[in-house]
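Asks: Handing you this structure, nothing more for now.
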Amino acid sequence: MKPEAGLLGRPARLAAAGFWLVALAGGGAGVMSFLRHEEAELSREVAARCVTTVDALNQTLFRTLEGVGHVQTLLQSRERLLREGRTDAARAIDDHLADLTARWAFGILGVATTDATGALSSSSIPGWAPVAGPAHEEVRGPFAREPGAFVSEPGVNRVSGRWGLEFSQPLQDGGGGFAGASIVSLDPLLVSRRLAEVATAEAATAAVMRLPDGALLARSRDAEAQLGRAPLGTHPAVAGAHEPPRPGFRTVSTVDGRPIIMCFRQVPGWPMVLVLAEDWAVVSQPFLALQRAAWCSFAAIMLLLLGGLLASLRAAGLRAARRQLADAQSEGAARAAAWARMEQLLLAAPVAIYAGRLSDAGPTPIEAAFASPNVKRVTGWEAEVFLDADQARLRMDDAALGARAEFRRRLLAEGRAVLEFRWRWPDGSWRWLREEARRVSPGGPEVVGYLLDVTEQREAAAWAAASARLNMLGELAANMAHELNQPLAVISLAAENAAAALQDDGLAGIPDALETLDLVAQQAARCKGVVQHLRLFSSPDQRQAVAPVELGQVLQGAMLLVRGALRDAGITLHNALPAGLSAIRANAVGAEQVFVNLFLNARDALARLPAGAPRQIRITAAQEEGMLRIRFADSGGGIPPELLGRVFEPFFTTKGSDKGTGLGLAICQSAMRGFGGDIGVRNGPDGAEFTLDFPLGETAPAAAAP
Ligand code: ADP
């Protein structure tokens, strides 16, 4: 038994899974929203720090470039002094500048001027010599007449032989015309170091880029490897340098595509933009740690929740299993008690019950799967004996063996069959058993049936039938005496005649006497026939089998008994039986009793009619659907409609207890059903009309009915 799978309901498991999934989705969404919020906070924090740093950098750079601006102002003054012929004053400036250069003050490596053609006209580098080729490559801004200062890319100064950034401006002659360029060479690595001093954050990189082309002039990290590089594509700082200052923002590096937070500012008065970038991969480390911690905690909580759910499901499953076990035990106990009670009832029941399937062969047409424990009490033998086809055959009388084939046929065809048969007990006595079986479902093989010992009922019925017959005979006694009186009178007269003939004529009278004695013999035979019929009628053999009999003979026998009674009552019989009727299947004596009973009932009904009213009985017959249907109608006024349904009840009579027994029609019905036929009644136009349905026999009669 698997409690989780089998005992805990599917809905409970689905609910638990649903709860877990909702917790997973809800918790996941919560964690994500928390992390998004934390990330945004961190971004804002870093961006704010960027802005502060960039502003500080701008101050530093501004101070450095202030020195450059002063030097350029001095060079313009020197130009003017030389033009005015004040060479001493100009030399003093040269000395000052040489001193500055020698000290690398403000990071200035050298100072120079060119004439209007671009040829070097002065330099602070001691022992300087004119350079080969035009100098204005590095100082092309002034020669291109661009307004303001120009900054070169980092490169090797051709006079000093040192790496420098050349800051150049046009020199004006006395009339404001172009007189050449002033050049200040600044150490780019010094600028880079200044940047590094301010941009101290671990992830921060500060850089200075030239406008408008974005060439890298200084960089706080890897300066020597990076300087002079042109950016890949348009750098956002270059594109937005002239726009109003904006806060830091997330973007990707134009150098290596790494996510960064960037902030930039234009350097006031110089064609340069200052950029600060913080590497998101570095600054977000605490956030990533927080992210990892959050997801780990979430996973741990979900696992704990899952474990808890599984544990509670298991506990609930075990509880359900225990409950089911207890239920099953109490159910089993209740079932056992119910079964014991049923067995007790079955044992005490007057009928034995069996259930099984229709079988193809044997005297027991049913293979029993169940038999109630009282089979032995009903049959005298253990259930196995009754249910075993071969053993059962040994205990049935011969008639039952034949009847069983018919029993099976009916069960198959009609779904129900009834059979009464003689059965021998272990002590050798015979008992009558009634067996009735029905199909459980139409056309299905399962059948249920019961067995009942009907020996007493049959004896009582036989006794009732016999007494009813005797009652009838009592009623008919006078008529029977008349039936015998007539031949006896003939015999007596004939005997007297024969005696007289012998007495009077001697030997000559012998032929006459013999003829007369012949008549005596005939009448004696008639008497014998009547007496034999009476004997047969009064004590018919109960086991007389149903067999093909001719309806004419049956009616003849009945007429022998009732003829006198009908004649005395003034009743006319219309016998309208057609010729060539098929034989019927019946017990001749039983069928005769049916007719005698109908005749006597008709006689009683007709006796109530006023004098002079027509008193008639009409018998007709017709063959219908494998049956011979007899209509037996009288003109006695019929049966009150409210009593029509009761006339076949045993002991129902309207004739008073001194005259009627109420058994006549009940015996008729039981006899007709015993033949496989039936009896019915209705009121015809003049009186009661009984219908008798006889099954047809195999042989057709040779002659017409009487
Ligand atoms: P019994 O003749 O002893 O009364 P039956 O069973 O033969 O018993 O008849 C039962 C009752 O049916 C009769 O008492 C009678 O009321 C009614 N009955 C039977 N046959 C006829 C008939 N032909 N006409 C009118 N009533 C009849």
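Asks: Are there any helices in the chain, counted as whole DSSP H runs, that stretch 20 Å or more along their axis by Cα and score at least -0.5 on average by Kyte-Doolittle, and if so which?
Replies: Both cut-offs are met by 10-83, 87-103, 285-348, 398-414, 455-505, 510-538, 551-568, 588-607.
Asks: Before rounding to the nearest 500, sum -39500 (n - 2.57) across all DSSP H runs of length at least 4 in the chain and divide by the residue total; then give [θ] at 222 nm in deg cm²/dmol. The partial results should precede the final answer.
Replies: Working: 17 runs with 345 residues, N = 706.
So the calculated ellipticity at 222 nm is -17000 deg cm²/dmol.
Asks: Charges at C-beta only: +1 for Lys and Arg, -1 for Asp and Glu. How large is the resulting dipole of the chain about its Cα centre, in Debye rounded to 20?
Replies: So the magnitude is around 1380 debye.
Asks: Report D for the chain in µm² per second (integer): Stokes-Einstein, Kirkwood Rh on Cα pairs, 25 °C, 0.890 mPa s.
Replies: Here the translational diffusion coefficient equals 61 µm²/s.
Asks: Further, regarding this structure: Net charge around residue 351, counting only other residues with Cβ within less than 13 Å of its Cβ (Lys, Arg = +1; Asp, Glu = -1)?
Replies: -1
Asks: Something else about it: Can you pull the three principal axis extents for the Cα set of the stretch 449-554, in Å, largest first?
Replies: Computed over the Cα atoms, the extents are 79, 29, 22 Å.
Asks: With the contact rule set at Cα under 8 Å and sequence spacing of 6 or more, what percent relative contact order holds for the stretch 97-224?
Replies: About 21 percent, as a whole number.
Asks: Two decimals is fine: what's Rg over Rh for the stretch 502-661, C-alpha atoms, Kirkwood radius as Rh? Could the numbers behind the result be given before it?
Replies: Values: Rg = 21.0 Å, Rh = 19.0 Å.
That ratio is 1.10, to two decimals.
Asks: Considering amide H positions built from the backbone, and no H for Pro or chain starts, which residues 5 or more places from residue 359, or on another chain, come under 5 Å of its amide H?
Replies: 366, 367
Asks: So for the stretch 449-500, what are the equivalent ellipsoid semi-axes in whole Å, largest first, each being the square root of 5 times an eigenvalue of the Cα gyration tensor?
Replies: Semi-axis lengths for the stretch 449-500 are 46, 12, 6 Å.
Asks: Okay, moving on. Could you name the aspartates and glutamates whose alpha carbon sits less than 14 Å from that of residue 659, not counting residues in the same chain fewer than 8 places away?
Replies: Cα-Cα hits under 14 Å: 475, 604.
Asks: Based only on other Cβ atoms within 10 Å, what is the fewest-to-most ordering of 24, 581?
Replies: Placing the least packed residue first, the sequence is 24, 581.
Asks: Right, here's the next one. Which residues does a label at residue 458 reach in the stretch 638-681, if reach means a backbone N under 14 Å from a point 7 Å past the Cα toward the Cβ?
Replies: Correct set: 674.
Asks: A further question follows. In whole angstrom, and with the biggest value first, how far do the Cα coordinates of the stretch 98-153 range along each principal axis?
Replies: Extents along the principal axes: 32, 24, 17 Å.
Asks: For the stretch 318-399, what is the convex hull volume of its Cα atoms per residue in Å³?
Replies: Given the Cα convex hull of the stretch 318-399, per-residue volume reads 116 Å³.
Asks: In whole angstrom, and with the biggest value first, how far do the Cα coordinates of the stretch 244-317 range along each principal axis?
Replies: 81, 24, 15 Å, listed from the longest principal axis down.
Asks: Taking the alpha-carbon set of the stretch 576-629, what are its Rg and Dmax in Å?
Replies: Here Rg and the maximum Cα pair distance are 14.4, 42 Å.
Asks: 7 Å from Cα along Cα→Cβ at both residue 22 and residue 34: what's the point-to-point distance in nm?
Replies: Going from the residue 22 label point to the residue 34 one covers 2.1 nm.
Asks: Among all cysteines in the chain, which have no other cysteine Cβ under 4.7 Å from their own Cβ?
Replies: Those would be 296, 527, 668, since no other cysteine Cβ in the chain comes under 4.7 Å of theirs.
Asks: What percent antiparallel are the DSSP beta bridges of the chain, to the nearest 5?
Replies: 95 percent
Asks: Dipole of the stretch 269-416 (Lys/Arg Cβ +1, Asp/Glu Cβ -1, origin at the Cα centre): which of 415, 399, 340 lies farthest to the positive side?
Replies: Comparing the listed Cα positions along the dipole, 340 ranks first.
Asks: In a Debye calculation with equal point scatterers on the alpha-carbon sites of the stretch 349-436 and no solvent, what is log10 I(q)/I(0) at q = 0.11, 0.16 Å⁻¹?
Replies: Values, matching the q order: -0.27, -0.59.
Asks: Then there is this: Report the gain in length on full extension from residue 624 to residue 416: 0.36 nm times residue separation, minus Cα-Cα distance, nm rounded to one decimal.
Replies: Working: separation 208, 0.36 × 208 = 74.88 nm, distance 2.30 nm.
Difference between extended and current length: 72.6 nm.
Asks: Radius of gyration and Dmax for the stretch 376-521's Cα atoms, expressed in Å?
Replies: That works out to 29.0, 87 Å for Rg and Dmax.
Asks: Write down Rg/Rh for the stretch 67-206, rounded to two decimals, with Rg from the C-alpha atoms and Rh from the Kirkwood relation over Cα pairs.
Replies: Rounded to two decimals, Rg over Rh is 1.00.
Asks: Just the Cα atoms of the stretch 166-255: what Rg and Dmax do they give in Å?
Replies: Every Cα atom of the stretch 166-255 included, Rg and Dmax give 16.4, 53 Å.
Asks: I would also like to ask the following. Divide the volume of the convex hull of the Cα atoms of the stretch 34-87 by its number of residues and quote the answer in cubic angstrom per residue.
Replies: Given the Cα convex hull of the stretch 34-87, per-residue volume reads 50 Å³.
Asks: Using all alpha carbons of the stretch 122-275, what is the percent of pairwise distances in each 10 Å bin, ordered from the shortest bin to the longest?
Replies: Spelled out bin by bin, the stretch 122-275 gives 10, 37, 32, 16, 5, 0 percent.
Asks: Given a Förster radius of 45 Å and the C-beta distance between residue 318 and residue 359 as r, what FRET efficiency does 1/(1 + (r/R0)^6) yield to the nearest 0.05?
Replies: 0.35
Asks: If you take every residue apart from residue 426 with its C-beta less than 13 Å away from the C-beta of residue 426, what net charge results, scoring Lys and Arg +1 and Asp and Glu -1?
Replies: +3
Asks: Okay, moving on. Explain nothing, just the number: relative contact order of the stretch 381-449, from Cα pairs under 8 Å at least 6 residues apart, as a whole percent.
Replies: Over the stretch 381-449, the number comes to 24 percent.
Asks: Between residue 427 and residue 77, with labels modelled 7 Å along Cα→Cβ, what's the label distance in nm to one decimal, could you check?
Replies: Going by the 7 Å Cα→Cβ label model, 16.1 nm.
Rule-based calculations on the coordinates, nothing more; no lab input. Not measured: the values here are computed from a predicted model. FYI the Cβ positions are ideal-geometry reconstructions off the backbone, even for glycines, and counts take in every protein chain you see.
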